[in-house]
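Enquirer: Structure incoming, see below.
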Amino acid sequence: MIVPGALPALTFYPPQFSPWVHGVVRSLLPHWLRWQRRIAVIETTHIDRLVHLTAQRDAGKVRYYVAFRHPTTDDHLAMLYLFAHALPQKAREMGIPLRQPIHSAFIYDRGVALWAGEIVNWLFPRLGGISIYRGKLDRQALQVIRQTFLQGEFPIALAPEGATNGQSETLAQLEPGTAQMAFWGAEDLAKAGRSEEVLIVPVHLQYEYQNLSWPAVDRLLLHIEQESGITLPPPDPTARYDRLIHLGHHLIQQVRSHYGQHYPAFGRESPPEGDLPSQLEHLIDRILRVAEAPHNITPKGTIVDRCRRVEQATWDRIYRSDLTQRTMVERYFADALAREAGLAEWHMRLAESIQPISGTYIADRPSPNRYAEMLTLVWRALGRVKGTPFGNIPYLGDRHLLISVGEPISVAEHFATYQSSRSAAKECVAQVTAQLETAMRAAIRPSQIPC
């Protein structure tokens, strides 16, 4: 991200649910999904589970978080559809009255407005959204989340994966925050003398191209090849997979050459040329080391952990609450730090966009859908290099959306152990996170359209 200098701190906008805003969005949502997001069919399964849980919540018997898959940036719209349309319809079919309006609050990254626009800061709070920093302990947001869970009108939805991975059939590493917040909710309820059971409800979201437009695929593939400097004979439609693999190796070599030439101090011995997964791992590590260096961050943890630390360190330098207290000279230095941090974040975003690109995602289970998703990921990574604004993916065909509600996970059986010691609490959070991961992974459905 290129920034002119230090900017005021990102504002926390408290949730202020507006029934009329919710009503307008609810009315427009099906049309928006169909014509703007090109989701032609929405399939729902096991919605009855959520109907029963919502009825129990209305009766004061349970409180629950909704943990949803996060493969795309359309997932919040999918969750809104679940609560605004699918859940009420199923409740009517079952003859079970639910308290109106039927909705869920949700947690989102405070930086979403930086790429989605300022409208987010107005719209999301009025739909019950709670913004949070992903890379540090955000006490203000956590306090609001806990209060909303304890006394709020709606359940709270959040994505345990933390960020999109662009792959409908692959689950990214889950962060422990969902399980931790569920245990905090159980603690807060116990302190208030309330007996509701605390649950985590897994919701699986999966997208698949219904009728993949191969001409559109070929145009996008050829466009990326040309931008990458690949010159080939007239394209052979039967060689799409080989061309995509060749494109991946070619781009990796270009990025590796750039970082090897201009950032030699951050490299190490490269893996064998033919080993694409190892090449990607090596390249991402080198790019992240370049991003971490200006912040004096020690490289450790997973790629996701490292990206979050760089992101937060960057925002701490760019979005500052102390600017009005600084002299002019100090402001000049703050501007220089912000510009430097913006460049470090550019490197981090590049690593983040490369990370989901896999040399095995298509090979493990070849399908048109996986091919389209991987081509889109390559397009996004190239966009990071070009510095183009975050926007809609190229149209490759209409999509099918699957929304499936899983069996709820209770924290009750772990709660006594959780309260016994700090180490026991950490272990309980890990166990519930593992349960959630198992449930979410099991819900992934292989592509229904084979090659």
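Enquirer: Sort out for me the Cα centre separation of segment 85-131 from segment 365-432, rounded to whole Å.
Expert: 19 Å
Enquirer: If R0 is 51 Å, what FRET efficiency do you get for residue 326 and residue 35 from their C-beta distance, rounded to 0.05?
Expert: It comes out at approximately 0.60.
Enquirer: Now for a separate question. What longest region of the chain stays clear of GluC sites (Glu not before Pro) that DSSP places outside H, G, I, E and B and that have at most 16 other Cβ atoms within 10 Å?
Expert: That would be 274-451.
Enquirer: Which trypsin sites (Lys or Arg not before Pro) does segment 1-68 hold that lie in a coil by DSSP with at most 14 other beta carbons within 10 Å?
Expert: 61
Enquirer: Also, quick follow-up: Helix-only mean residue ellipticity at 222 nm, the chain, DSSP H runs n ≥ 4 weighted -39,500 (n - 2.57), per residue, nearest 500. What is it?
Expert: Mean residue ellipticity, 222 nm, calculated: -16500 deg cm²/dmol.
Enquirer: A follow-up question, please. Given the C-alpha centroids of segment 199-229 and segment 325-352, what is the distance between them in whole angstrom?
Expert: Result: 34 Å between the Cα centres.
Enquirer: Please turn the phi angles of segment 302-313 into ³J(HN,Hα) values with the Karplus equation 6.51 cos²θ - 1.76 cosθ + 1.60 (θ = phi - 60°), one per residue in order, whole Hz, x for glycine and proline.
Expert: Along segment 302-313, the couplings run 6, 4, 4, 4, 5, 5, 5, 5, 5, 4, 5, 4 Hz.
Enquirer: Which of 367, 131, 420 has the fewest other C-beta atoms within 10 Å, and how do the rest follow up to the most?
Expert: Sorted ascending by nearby Cβ count, the order is 420, 367, 131.
Enquirer: Something else: Report the relative contact order of segment 159-303, percent, no decimals, based on alpha-carbon pairs under 8 angstrom and at least 6 residues apart.
Expert: Worked out over segment 159-303, it gives 12 percent.
Enquirer: Taking every Cα atom in segment 135-233, find the radius of gyration and the maximum pairwise distance Dmax, and write them in Å.
Expert: 21.8, 73
Enquirer: Between segment 144-161 and segment 289-303, what's the alpha-carbon centroid distance in Å?
Expert: Cα centroid to Cα centroid, the span is 32 Å.
Enquirer: Please compute the contact order of segment 141-207 in relative form: average sequence separation of alpha-carbon pairs under 8 Å and at least six residues apart, divided by the residue count, as a percent.
Expert: That works out to 30 percent.
Enquirer: At 7 Å along Cα-to-Cβ for each site, give me the label-to-label distance between residue 147 and residue 422 in nm.
Expert: Output for this residue pair reads 2.7 nm.
Enquirer: Nearest 20 debye, what's the magnitude of the dipole of segment 214-386 about its Cα centre given +1 on Lys and Arg Cβ and -1 on Asp and Glu Cβ?
Expert: My answer is approximately 360 debye.
Enquirer: Just the number: Rg to Rh for segment 287-417, Cα atoms, Kirkwood Rh, two decimals.
Expert: In segment 287-417, Rg relative to Rh is 1.11.
Enquirer: Hey, what's the Cα Rg ratio for the chain versus the globular rule of thumb, 2.2 N^0.38 Å?
Expert: 1.03
Enquirer: Next question. Using a Förster radius of 22 Å, what is the FRET efficiency between residue 242 and residue 392 based on their Cβ-Cβ separation? Nearest 0.05, please.
Expert: After rounding to 0.05, the efficiency reads 0.20.
Enquirer: For 328, 348, 94, what's the fewest-to-most ordering of other Cβ within 10 Å of each Cβ?
Expert: 328, 94, 348
Enquirer: For the pairs 191/300; 61/426; 90/136, note any where the Cα-Cα span goes beyond 30 Å.
Expert: 191/300; 90/136, as the Cα separations exceed 30 Å there.
Enquirer: Moving on to the next point. Relative contact order for the chain: what percent, with Cα pairs under 8 Å and sequence separation of 6 or more?
Expert: Value for the chain: 28 percent.
FYI, it's all coordinate maths here, none of it is from the lab. Values in this document were obtained by computation on a predicted structure and should not be read as measured data. Please note: Cβ atoms are built from the backbone with ideal geometry, for glycine as well, and neighbour counts cover all protein chains shown.
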